[in-house]
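**Q** This is the structure I want to talk about, given as structure tokens.
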Amino acid sequence: MRQLDLFSALQSSTEGIDTEFKSARGGMPGSFWESYSAMANTQGGTIVLGVAEKSTGLVWEGVPDASQLRTVLWGQLNDRHKVSTNLLRDDDVRTVEDEGRQFVVVNVPRASRLQRPDSPLSRPLRLSHVNPECRKKPIKINNLLSQMFQIGLIRRNARW
């Protein structure tokens with residue numbers, strides 16, 4: 001299937017378990033990483049940047065600078081504060097032009113059992129992402145787990 005044919009098929013689709021649309025007018029959307037992780041941890045899927053969701057439906061607005069957005073995407077893929085695992089190859093991210101507008105299409109592959117990425121919001125032990133007070137006084141999770149082990153609340157090699 002040619003690149004334009006694939007894009008035409010995406011234009012007629014709606015969001016679902018394997019397709020997500022994100023605006024990206026103001027740069028890389030923060031919700032991208034949750035969608036990336038969710039897709040990778042299931043069957044994979046496609047995220048199209050440059051499509052806004054309005055009450056009237058999808059608005060194919062494009063992105064201001066696809067090249068810069070791709071650079072930001074690759075930079076954040078290797079930032080462990082954004083996502084734990086980079087599953088993408090060069091050919092998984094591409095720019096598609098349609099009627100003078102640019103869109104960035106990201107094909108997210110299914111992760112193997114050992115690769116499973118997560119975003120900071122899905123990491124329950126990193127409480128500083130959930131509670132702003134924890135940023136001021138970081139919780140020592142390792143110390144807490146060590147103490148729990150010492151008093152017998154958890155055991156070595158416990159499966160969660």
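**Q** With the requirement that a residue be modelled with pLDDT of 90 or more and not in a helix (DSSP H, G or I), what does the range 27-41 give you?
**A** Of everything in the range 27-41, those that are modelled with pLDDT of 90 or more and not in a helix (DSSP H, G or I) turn out to be GLY27, MET28, PRO29.
**Q** Among the listed residues ALA24, ALA38, which satisfies the condition of being in contact (Cβ under 8 Å) with a residue 12 or more places away in the chain, small (Gly, Ala, Ser) and surrounded by 15 or more Cβ atoms within 10 Å (Cβ to Cβ)?
**A** After applying the criteria, what remains is ALA24.
**Q** Applying the selection to the range 84-93, what residues are modelled with pLDDT of 85 or more and surrounded by 11 or more Cβ atoms within 10 Å (Cβ to Cβ)?
**A** Correct list: THR85, ASN86, LEU87, LEU88, ASP92, VAL93.
The values are calculated or read from the model by the stated rules, or taken from the named source; none is laboratory data. These numbers come from a predicted model, not from an experiment. With ideal geometry, Cβ positions are generated from the backbone for all residues, glycine too; neighbour counts draw on all protein chains shown.
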